[in-house]
Number of protein chains: 2
Amino acid sequence: LLGVASAAAASPSLVLNEDDIGALREASGGLLETSLQANKIVADEAIAAGIVVPWPKDAGGGYTHEQHKRNYKAMYAAALQYQISGDTRYSHYVAEMLSAYADMYPQLDLHPEKKEQTPGKLFWQSLNEAVWLVYTSQAYDMVAETFSDELRDRLKNNLLFPVADYLSKGQPQTFDKIHNHGTWAVAAVGMVGYATGRDDYVEQALKGLDRRGNSGFYKQLDELFSPDGYYTEGPYYQRYALMPFVWFAKAIETNEPDKAIFKYRDGILLKAIYTTLELSYNGLFLPINDAIKDKGIKTEELVQALAIAYDITADKSLSDIARQQERVSLSAGGVALSKIIAEGEVVPYNYPSKVYRDGADGEQGALTLLRSGDNESGTLVVAKNTSQGMGHGHYDRLSWQFYDDGHEVVTDYGAARYLNVEAKYGGHYLTENKTWAKQTVAHNTLVVDKASQFDTDLDKANKNPAEQVAFIQDNVADISIGRINTAYEGVQLTRIQALVKPKSIEPFVIDVVSIESDTQHLYDLPLHFNGQVIDHNLENSESFNIWKPLGKSNGYQHMLLRSEGNSATTNNRLTWLMGDRFYSYTYGYQAESAKQANTLFFQLGANDPNHNLRRDQGVVRRLKADSAVMYAVLEPHGEYNGTAEYVRNSYSRVNSLDYKPTKTGAELTVDMGQGLTYTLILTKGDENSSLVKAKVIELSEN
Amino acid sequence: LLGVASAAAASPSLVLNEDDIGALREASGGLLETSLQANKIVADEAIAAGIVVPWPKDAGGGYTHEQHKRNYKAMYAAALQYQISGDTRYSHYVAEMLSAYADMYPQLDLHPEKKEQTPGKLFWQSLNEAVWLVYTSQAYDMVAETFSDELRDRLKNNLLFPVADYLSKGQPQTFDKIHNHGTWAVAAVGMVGYATGRDDYVEQALKGLDRRGNSGFYKQLDELFSPDGYYTEGPYYQRYALMPFVWFAKAIETNEPDKAIFKYRDGILLKAIYTTLELSYNGLFLPINDAIKDKGIKTEELVQALAIAYDITADKSLSDIARQQERVSLSAGGVALSKIIAEGEVVPYNYPSKVYRDGADGEQGALTLLRSGDNESGTLVVAKNTSQGMGHGHYDRLSWQFYDDGHEVVTDYGAARYLNVEAKYGGHYLTENKTWAKQTVAHNTLVVDKASQFDTDLDKANKNPAEQVAFIQDNVADISIGRINTAYEGVQLTRIQALVKPKSIEPFVIDVVSIESDTQHLYDLPLHFNGQVIDHNLENSESFNIWKPLGKSNGYQHMLLRSEGNSATTNNRLTWLMGDRFYSYTYGYQAESAKQANTLFFQLGANDPNHNLRRDQGVVRRLKADSAVMYAVLEPHGEYNGTAEYVRNSYSRVNSLDYKPTKTGAELTVDMGQGLTYTLILTKGDENSSLVKAKVIELSEN
Ligand SMILES: [Zn+2]
Ligand SMILES: [Zn+2]
């Protein structure tokens, strides 16, 4: 009927190639087995459901939208199943589906629900169409050898070329855009090029429509990642952007190994993969900027990227990630990773303390991670000294997060959004994303005069990254120094965070926020934390039986004040219990001009008519002063064991915090008891300038 | 030095006997290996720490208290290690420790921090002393054969007999008490009896000081458990009470198998063990009455009890519990359970839908469990139609809980207490246990006129159990009917709860609260739930930016009102997301005298100066009427998948709820869409009497 040739298929040569298929045919057992079975189920269910190619009608989430999404996944799964098994039921299915699309596509006009700037034909937006083609071109490549010449020509001329043309010269503004939407289009067109021998498509994909290199894949590799492989929107969006990059790169590697695409820009693609993996804790991405918190390394994108990275690097420690993903990609890399795990040869992945520079030039600040222990139950400090991160960015310069014992302890709210939950504003970003999640007070960073950084002026924010002043590592501590002088007019902020790693007790954090200003301001330093308050030592503490909002705007309208107390100059302490561990936050301030300092306990929930916000909690350290220093120690300690009914070390170890300015900077001394003392020594660049160096000294009487 | 004999030890014959030791010596691998190593570590660390037997000084939690606790565990571990390995370093250690105690004990007066009614000598209270002797007599039994006659006599006369005498005739009021404190004393004295051949001790343990059978172990077995093995305080305390029961029973079985103690009272001890295991969900005990929520089947008591139960029953499905406990007891039963797991022969434990009668006679109401699926991710409805449960009881007649997908969904607060956390009122029960946790409004049951049941008069409450009217099981549904007519004067309450088990969709709950009263009252029906509110369909809904307490007493003083809306007569709906599943609660009422009904959203936190309460949430359905019926359907549905980015079935299936009185009772019809309808048919006993029967009919158009 369809003119399918009877010859057995040759190996594909796109993302998957001869090596991949050879490895898959021989492999069995372990995670690979599970992944193989999963693919077979998708393919078999698709065949059972039959060919359903509806005329495009619905917007995202609607029936025809979802059906066309199902179709490209089904074709991919069936084509791969054909390659693995040689069973022509699978290739026939793909042939029939492609034919149905080839019958329909030339008749299509723009989608009836089209998005203004970037309309599609099969889908409401061309982004979906590009994704469709990335999968479909691979499916075609895997079964094309079973087709007659006539069928192949028909599919090329009525389907693959028209879609590729539409995505390239049909939408030049998207195709040539230096943005991950552009990457999907470029990858789709380039993959059609390789699959059909159309070098012109490949060249346009690599160097832009005019083939001059001002746009296209290489330019995207140059500009979308920092030199450390950091994507400015943060890991949540980086994960999504990664898929077309690594897939298309693998297709280039298969077809033009001489291009050495994985070595391009000092191996930028591998850096991007490793960075995405590392910007996580216990399997979930760090919720930087607009990020939904339940997304992490188990996503399909990272499963695929991991296998490709292994294929290139043979880095055995990637198996430690595959173990946590609990599945592998169906490729040579996936086969190898599965084998390492099955043979008990997993090498621990070494999560580094590291500065991940932001910006194409690496000079737009940085996300800095300080680590102790592994990534599943170890300790992690995240210092966010980056740029704004474009439209999905938050006004959170110099904010931090703290992870320990497998938990988020000092938290970032992430995005206010319930993805795909229709009842929650159609699954889109909620109003509260703007009124709360993006605001400065929603973060663990200083708020000046109850306003957000840059007064939430995005243009201004985009132009003013934070500065990663220093990163210091030695045997005693890892230290980050960040600075922002543009977030609030006339206020210069420097933050020093040290993860101290004692030999005999748990790692702990020293945090110093240094504020320089000539005029009086109201300073609020929030600490958003997870857990049950155990106790605090604030004087004149008052708990309110009526909870009122802390303000009217900039996020304060969502915060309910539950209790308040006076803060002493130093040695204020708050202890809470999270999971089976205690956390104590001991803090103080130094400000000549300050009269009184308070600590406010708050919880979210005001001005939230649709119950959109999580009922998260925290404290705000409030101080009215001009120049000031707000310092703190955060320490995990002890254990709560409910099963065996014991509790140990439920009290903070900190006897005292002692901050004093010195000629060259300042010193903060932490007396941890039992003769153990740590001094953070801060040093200015030169007379009257800001702090630029830091070091922690350990003194032990024993 | 100590006169230790050189002969190898004979096997012990108390809780552990020849069979146990034989099995342990031959066994290896699996969970047993881990448990063996854990015991060796305790023994080795104890020997390394040396013999430390301080003069009694401190109350519970203090140094000498904790040291004497460590000592009995150390002696037990070392004695067992000696039995397993034959290494006399371990028996020497036990001999030295016992000698040190024998030197000290005769000189002791009552403890300086003694508790008034039940003072100890080594400890502040005699309960600890009994526990000490239960362990110590076993340690003695395991190593006694290595002792010279002289040493044995000294230990008996200066230590074992004096402690046993003190715990029996020295404290007759405790020893003869029908209470679990009495069980520890009885077990301790009885075990000394068996270990030393003192039949008089054994006889007193079994039949009381006067050996007439009005007290002692048999009487405790008669009165402390219901005929179904339910302990009136609930599973949290039942777990604690269980240890001396099963250990002493095993010692009796070893020494006097003719007594067939495990068959006594129709096998009451095995019923008690099985019941404790079954009153759990996903590893944690149902938080009935004063219960801390992190306690469950992994506790030492249940590990020991499980192995003893297996020893008696050879019930292979107990291995399913051992698998969840992740360790086994060091005994023949533990060896067998470990082997079943290691060989992959685990038989699933069949958790039944069941009525667990309360009261020694089984006529003090019941705790009724309705189940579908397993106990780790299945569905469970708990209907609390019990007696008060004595001093640790809550005013919660006819309350319920709902578990699903591994989570607590409709919740019970449990106890307000942070066990062993000194900063939280020394780890004792908090004030809020009385002002919140025990109150009726803290539970999912009807509150009349904002008062708690029995006006929290404990005497009255103790005298008036709820009634388990019926329990009906068929292919369509499991149904419980409970009643209480004494909790509020002039108000008769009947509650029908059905767990409906459709073939094609998730199990769901139908809940009907039937209220009969001649006079107008304010009815509040709270639903405490875990999860994030997705949406609701209440009319005239208002969210408050200032949160105020819902009342001044009876628990209401802790509840903050966050929003409020009008309830329609029927088809009110609230949907929330918990874990990766949606839950919809659809509800209505029937009351001729009612004018308007409201739904109030609340959260805990008012009048909580020490941050003692969890910030739990819920809704209150409020109605002013005389007689009324408040009905509801609670249905789990759909899936939220953050990793794969999809959501399915996020909307409730319920199209409508239709309640109508009939001549013989009433009918509630639930239209679940797609042609699927369920009708709950309620039937009165006779004209004008209360509902006594129920049945669910399934109607399917397909
Ligand atoms: Zn944020
Ligand atoms: Zn309760």
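The values are calculated or read from the model by the stated rules, or taken from the named source; none is laboratory data. What you are looking at is a predicted structure, and each value in this text was computed from that prediction instead of being measured. Reconstructed Cβ throughout: ideal geometry from the backbone, glycine too, with neighbour counts over all protein chains shown.
State all residues of region A:407-425 that are away from chain B (no Cβ under 13 Å) and among the aromatic types (F, W, Y); if no residue qualifies, say none. Can you show your working first?
To start, the set of residues in region A:407-425 that are away from chain B (no Cβ under 13 Å) comprises A:407-413.
Hit for region A:407-425 is A:Y413, nothing else.
From B:D290, B:D320, which residue is more than 14 Å from chain A (Cβ to nearest Cβ), surrounded by fewer than 24 Cβ atoms within 10 Å (Cβ to Cβ) and within 16 Å of ligand 2 (Cβ to nearest atom)?
B:D290
Yes/no matrix, rows are residues, columns are (1) more than 27 Å from B:A307 (Cβ to Cβ); (2) out of contact with any Pro (no Cβ under 7 Å at 6 or more places or on another chain); (3) modelled with pLDDT under 95; (4) among the β-branched types (V, I, T):
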{"site": "B:S35", "(1), (2), (3), (4)": "no, yes, yes, no"}
{"site": "B:A46", "(1), (2), (3), (4)": "no, yes, no, no"}
{"site": "B:W55", "(1), (2), (3), (4)": "yes, yes, no, no"}
{"site": "B:Q67", "(1), (2), (3), (4)": "yes, no, no, no"}
{"site": "B:Y90", "(1), (2), (3), (4)": "no, yes, no, no"}
{"site": "B:M97", "(1), (2), (3), (4)": "no, yes, no, no"}
{"site": "B:A102", "(1), (2), (3), (4)": "yes, yes, no, no"}
All but one of (1) out of contact with any Gly (no Cβ under 7 Å at 6 or more places or on another chain); (2) polar (S, T, N, Q); (3) within 16 Å of ligand 1 (Cβ to nearest atom) hold for A:S353; state the number of the condition that does not hold. (3)
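What's the total number of residues in region A:90-146 that are of a type in the set (D, E, K, R) and free of Cβ contacts under 8 Å to residues at least 12 places away in the same chain? Even if it seems obvious, please write down each step before you answer.
Within region A:90-146, the first condition is being of a type in the set (D, E, K, R), and the residues that meet it are A:96, A:103, A:109, A:113-116, A:121, A:129, A:141, A:145.
Next, from what is left, pick out any that are free of Cβ contacts under 8 Å to residues at least 12 places away in the same chain: A:114-116.
Within region A:90-146, residues that are of a type in the set (D, E, K, R) and free of Cβ contacts under 8 Å to residues at least 12 places away in the same chain number 3.
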List pairs: first in region A:384-403 and within 14 Å of another protein chain (Cβ to nearest Cβ) and touching a residue at least 60 places away in the same chain (Cβ under 8 Å), second of a type in the set (G, A, S) and within 9 Å of ligand 1 (Cβ to nearest atom), Cβ under 7 Å, 6+ apart or cross-chain? none
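Looking at A:L560, A:L574, A:L623, A:L600, which is the one that is away from chain B (no Cβ under 11 Å), farther than 22 Å from A:E667 by Cα and in a strand (DSSP E or B)? Outline the logic, then answer.
Values: A:L560 fails: away from chain B (no Cβ under 11 Å); A:L574 fails: away from chain B (no Cβ under 11 Å); A:L623 fails: farther than 22 Å from A:E667 by Cα.
Answer to the check: A:L600.
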Please go through region A:589-609 and pick out each residue that is within 20 Å of A:N554 (Cβ to Cβ) and without any contact (Cβ under 8 Å) to a residue 40 or more places away in the chain. A:N598, A:P609
Modelled with pLDDT of 95 or more, more than 14 Å from chain B (Cβ to nearest Cβ) and closer than 23 Å to A:S226 by Cα, is that true of A:Q468? yes
Taking the criterion of being at pLDDT below 95, within 14 Å of another protein chain (Cβ to nearest Cβ) and not in a loop (DSSP other than H, G, I, E, B), would at least one residue in region A:426-436 satisfy it? yes
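Would you be able to say whether some residue in region A:444-457 is within 16 Å of ligand 1 (Cβ to nearest atom), of a type in the set (V, I, T), closer than 19 Å to A:Y631 by Cα and buried (at least 24 other Cβ atoms within 10 Å of the Cβ)? Break it down stepwise before answering.
Restricting attention to region A:444-457, the residues satisfying the condition of being within 16 Å of ligand 1 (Cβ to nearest atom) are A:444-447, A:452-454, A:456.
From the residues that got through so far, the ones that are of a type in the set (V, I, T) too are A:445, A:447, A:456.
Then drop every residue that is not closer than 19 Å to A:Y631 by Cα, which leaves A:445, A:447.
Those still in the list that are buried (at least 24 other Cβ atoms within 10 Å of the Cβ) too: A:445, A:447.
The answer is yes, given that some residue of region A:444-457 is within 16 Å of ligand 1 (Cβ to nearest atom), of a type in the set (V, I, T), closer than 19 Å to A:Y631 by Cα and buried (at least 24 other Cβ atoms within 10 Å of the Cβ).
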Taking only region B:646-694 into account, find how many residues are more than 21 Å from B:Y587 (Cβ to Cβ) and among the charged types (D, E, K, R). 6
Please state which one of B:G296, B:G283, B:G267 is away from ligand 1 (no atom under 16 Å from the Cβ) and touching a residue at least 40 places away in the same chain (Cβ under 8 Å). B:G283
Would you check which residues across region B:372-412 are over 19 Å from B:A291 (Cα atoms), surrounded by 21 or more Cβ atoms within 10 Å (Cβ to Cβ) and under 17 Å from the mean Cα position of the chain (by Cα) and list them? B:N375
Condition first: part of a loop (DSSP other than H, G, I, E, B), away from ligand 2 (no atom under 16 Å from the Cβ), in contact (Cβ under 8 Å) with a residue 60 or more places away in the chain and of a type outside the set (S, T, Y). Can you find one or more residues in region A:467-481 that meet it? yes
Kindly indicate the residue of region B:293-317 that is of a type in the set (S, T, N, Q) and outside any loop (DSSP other than H, G, I, E, B) and also surrounded by the fewest Cβ atoms within 10 Å (Cβ to Cβ) among those meeting that condition. B:T313
State all residues of region B:399-436 that are within 20 Å of B:G605 (Cα to Cα), of a type in the set (D, E, K, R) and away from ligand 2 (no atom under 16 Å from the Cβ); if no residue qualifies, say none. B:K424
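Here's a check for you: in region A:413-434, which residue that is of a type in the set (S, T, Y) and away from ligand 1 (no atom under 13 Å from the Cβ) is surrounded by the most Cβ atoms within 10 Å (Cβ to Cβ)? Before the answer, list the steps.
Start the filter on region A:413-434 by keeping residues that are of a type in the set (S, T, Y), which leaves A:413, A:418, A:425, A:429, A:431.
Remaining after also requiring away from ligand 1 (no atom under 13 Å from the Cβ): A:418, A:425, A:431.
On the way: A:Y418: 24, A:Y425: 17, A:T431: 15.
Checked region A:413-434; the qualifying residue surrounded by the most Cβ atoms within 10 Å (Cβ to Cβ) is A:Y418.
Conditions (1) without any contact (Cβ under 8 Å) to a residue 40 or more places away in the chain; (2) away from chain A (no Cβ under 14 Å), marked per residue:
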site	(1), (2)
B:Y631	no, yes
B:E635	no, yes
B:E639	no, no
B:T643	yes, no
B:S652	no, no
B:T679	yes, yes
B:E687	yes, yes
B:V692	no, yes
B:S700	yes, yes
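Filter region A:387-412 for residues that are more than 13 Å from ligand 1 (Cβ to nearest atom) and part of a loop (DSSP other than H, G, I, E, B); which is nearest to B:F582 (Cα to Cα)?
Here is the first cut: in region A:387-412, the ones more than 13 Å from ligand 1 (Cβ to nearest atom) are A:387, A:390-391, A:402-407, A:409.
So of that shortlist, the ones also part of a loop (DSSP other than H, G, I, E, B) come out as A:387, A:405-406.
Values: A:S387: 38, A:D405: 29, A:G406: 26 Å.
Step by step, filter region A:387-412, then rank; the result is A:G406.
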Give just the number: which of (1) more than 11 Å from chain A (Cβ to nearest Cβ); (2) crowded, with 23+ Cβ neighbours inside 10 Å does B:D608 not satisfy? (1)
Can you find, within region B:579-597, the residue that is nearest to the other protein chains (Cβ to nearest Cβ) among those that are surrounded by fewer than 19 Cβ atoms within 10 Å (Cβ to Cβ) and under 33 Å from the mean Cα position of the chain (by Cα)? B:D580
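Tell me whether region A:122-136 contains one or more residues that are in contact with a Leu (Cβ under 8 Å, 6 or more places away or on another chain) and under 19 Å from A:Y82 (Cβ atoms). So that I can check it myself, show each step before the final result.
Keep residues of region A:122-136 that are in contact with a Leu (Cβ under 8 Å, 6 or more places away or on another chain), which gives A:122, A:126, A:128-130, A:132-133, A:136.
Filter once more, keeping what is under 19 Å from A:Y82 (Cβ atoms): A:136.
Within region A:122-136, one or more residues are in contact with a Leu (Cβ under 8 Å, 6 or more places away or on another chain) and under 19 Å from A:Y82 (Cβ atoms).
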Quick check on my filter: what residues within region B:127-155 are acidic (D, E), out of contact with any Gly (no Cβ under 7 Å at 6 or more places or on another chain) and crowded, with 22+ Cβ neighbours inside 10 Å? B:D141
Taking the residues in region A:507-551 that are aromatic (F, W, Y) and under 30 Å from A:D478 (Cα atoms) as candidates, determine which candidate is farthest from the other protein chains (Cβ to nearest Cβ). A:Y523
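Do you know which residues across region B:366-386 are among the small types (G, A, S), in a strand (DSSP E or B) and farther than 29 Å from B:K460 by Cβ?
The initial filter retains those residues of region B:366-386 that are among the small types (G, A, S), namely B:366, B:372-373, B:377-378, B:383.
Subset that is in a strand (DSSP E or B): B:366, B:372, B:383.
Listed by number, the list holds a single entry, B:S372.
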Among A:A260, A:A272, A:A241, which is modelled with pLDDT of 95 or more, more than 14 Å from chain B (Cβ to nearest Cβ) and either within 16 Å of ligand 1 (Cβ to nearest atom) or under 15 Å from A:A305 (Cα atoms) (or both)? A:A272
Residue, surrounded by the fewest Cβ atoms within 10 Å (Cβ to Cβ), within region B:650-665, restricted to residues that are out of contact with any Asp or Glu (no Cβ under 7 Å at 6 or more places or on another chain) and more than 23 Å from B:N444 (Cα to Cα): B:K663
